[in-house]
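Colleague: Questions regarding the structure given below will be posed in turn.
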Amino acid sequence: MTDGATSRPPARRPDERPAAAGVPEETTVGIIGGGPAGLLLSRLLHRAGIPSVVLESRDREYAEQRQRAGMLEQTTVDVLRECGAGARMDREGLVHDGIELRFDGRSQHIDFPTLANGRRVTIYAQTEIVKDLISLQLSELSDGAPLIFGAEVTSVTGLTPGPEGPALHYTYEGRERTLHCDFVVGCDGFHGIARTALPDSVARTYEREYPFSWLGILADAPPSCAELIYAHSSRGFALHSMRSSSVSRLYLQVPNGTDPADWPDERIWDELDARFALSADPGWRLNRGPITSKAVLPMRSSVTEPMRHGRLFLAGDAAHIVPPTGAKGLNLAVADVAVLARALIRHHTTGDTSGLDSYSEDRLRRVWRAEHFSYFMTTTLHTSPDQSPFDTRLQLSQLDRIASSRAAATELAENYAGLALSD
Ligand SMILES: Cc1cc2nc3c(=O)[nH]c(=O)nc-3n(C[C@H](O)[C@H](O)[C@H](O)COP(=O)(O)OP(=O)(O)OC[C@H]3O[C@@H](n4cnc5c(N)ncnc54)[C@H](O)[C@@H]3O)c2cc1C
């Protein structure tokens, strides 16, 4: 340094333990990725006394600010409570009894408790779940398992029986390092590397890309409704969601390749009002407020099978992604790690491998159910660029069926509010 300043470690937050003198070189479960899936898995294992290490390529600030999901199924809420991460969610989360469908100028409430065996959903942002889990992991009081930010895993070896056990090779502070473990869990999202460790002869990926995207905004405006509104409109799909009683989260269907800069704030609000229009209440308008974030999200479905290869397990977006219309991505990730944690704990305590052996098959069954539901919601509510009037009439017929038939509404409610972890 030329200015005489001395380098010092970054300031620690009050809830944070000092960094360990050295990074661990071995553990029982090596977890790639500190998103919701990786953090939650580590937490569930920690409570059962099973050591794990989470390697996360980004820094803490990035992980805590990434805007994503916000609708939690009952099972997700239960798992977060079970692992001691539910206190703030229970205080600040908004419990919803259903959703509103708008189509053809009409409004239809879908009541979850009545249709889906008493199940409800909770609105609590993924960013807050991640903050809660990181805070627990790093706090002196809870003494969680090691979570190392800035640790990018570059390869995975030793997955099948052989003299070398499983190992994660990663870079940290400019050095190549290795973490030896008994099991590897890839929780590294859609762009991670764990999936690439499946040999080509074993892996099979099924994909669909959609010919539209979402323009998502966060606005400092109180929600204009008590529940989420899913709107079918000749102008394209719109969704009204919320993050809290003072922050709205809204989405507009836009063409692929849209630049958010082409959407000034006034244009966004006017378009949202047009898509949410109601015949019976032509004066209905959204509450407006300063837009604090604007981003375009592509829409894609993808599943990679199997979700296990030797000592490697895939969980969350590392194995599957869904278009967000069904709000399933985060909930599937939580369900994967809840089931995997149970199987690892059973193996650790009794030597029984049955849960590990059936993990991929069991989860894929649920994953494909969620894939179908997300596809159904997406194709029923969006307008394709090549959509014909015939296609639109079919969509409206389907929505009318949901509004008029208890059986059709039940099918939607059960899938949306979420199925139990196992049959
Ligand atoms: C822009 C966006 C908006 C979304 N909106 C919604 C929504 O509204 N509703 C909904 O239900 N779902 C939504 N989703 C999906 C939901 O957020 C995901 O399903 C959820 O984040 C999955 O969690 P995960 O832990 O599996 O993966 P991720 O959250 O992707 O976490 C993976 C982690 O692994 C880390 N990582 C990657 N590679 C490496 C490596 N080589 N080494 C170490 N670490 C690595 C990443 O930095 C990341 O922190 C959205 C997703 C995106 C991308």
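Colleague: For the range 341-367, which residues satisfy the criterion of being in a loop (DSSP other than H, G, I, E, B) and either in contact with a Pro (Cβ under 6 Å, 6 or more places away or on another chain) or polar (S, T, N, Q) (or both)?
Modeller: Selection gives THR353 alone.
Colleague: Let me ask something additional. Can you name the residue in the range 179-221 that is among the hydrophobic types (A, V, I, L, M, F, W, C), part of a loop (DSSP other than H, G, I, E, B) and more than 10 Å from the ligand (Cβ to nearest atom) and is also surrounded by the most Cβ atoms within 10 Å (Cβ to Cβ) among such residues?
Modeller: Ranking the candidates gives LEU198 first.
Colleague: Do we have SER233 as assigned to a loop (DSSP other than H, G, I, E, B), away from the ligand (no atom under 12 Å from the Cβ) and within 17 Å of ARG285 (Cα to Cα) here?
Modeller: yes
Colleague: Have a look at ALA338, ALA370, ALA295 and point out the one that is in contact (Cβ under 8 Å) with a residue 12 or more places away in the chain, within 19 Å of the chain's Cα centre (by Cα) and not in a helix (DSSP H, G or I).
Modeller: ALA295
Colleague: Quick check on this structure: which one of LEU286, LEU297 is under 21 Å from HIS232 (Cα atoms), surrounded by fewer than 17 Cβ atoms within 10 Å (Cβ to Cβ) and either more than 16 Å from the ligand (Cβ to nearest atom) or not polar (S, T, N, Q) (or both)?
Modeller: When all the criteria are applied, what remains is LEU297.
Colleague: Looking at (1) in contact with a Cys (Cβ under 6 Å, 6 or more places away or on another chain); (2) closer than 12 Å to GLY33 by Cβ, which is the one condition that is false for LEU147?
Modeller: (1)
Colleague: So in the range 91-125, with the set limited to residues that are touching a strand residue (DSSP E or B) at 6+ places or on another chain (Cβ under 9 Å) and assigned to a helix (DSSP H, G or I), which one is farthest from the ligand (Cβ to nearest atom)?
Modeller: Among residues in the range 91-125 that are touching a strand residue (DSSP E or B) at 6+ places or on another chain (Cβ under 9 Å) and assigned to a helix (DSSP H, G or I), the one farthest from the ligand (Cβ to nearest atom) is THR114.
Colleague: Any residue that is more than 16 Å from the ligand (Cβ to nearest atom), over 24 Å from ASN331 (Cα atoms) and not in a loop (DSSP other than H, G, I, E, B) - is there at least one of those in the range 246-258?
Modeller: Taking every residue of the range 246-258 in turn, none turns out to be more than 16 Å from the ligand (Cβ to nearest atom), over 24 Å from ASN331 (Cα atoms) and not in a loop (DSSP other than H, G, I, E, B).
Computed from the coordinates by the stated procedures, all read-outs in this text should not be read as laboratory data. Predicted model, so just to flag it, every value in this text is computed and none were measured. Because the Cβ atoms are built from the backbone with ideal geometry, glycine has one as well, and the counts that use them run over all protein chains shown.
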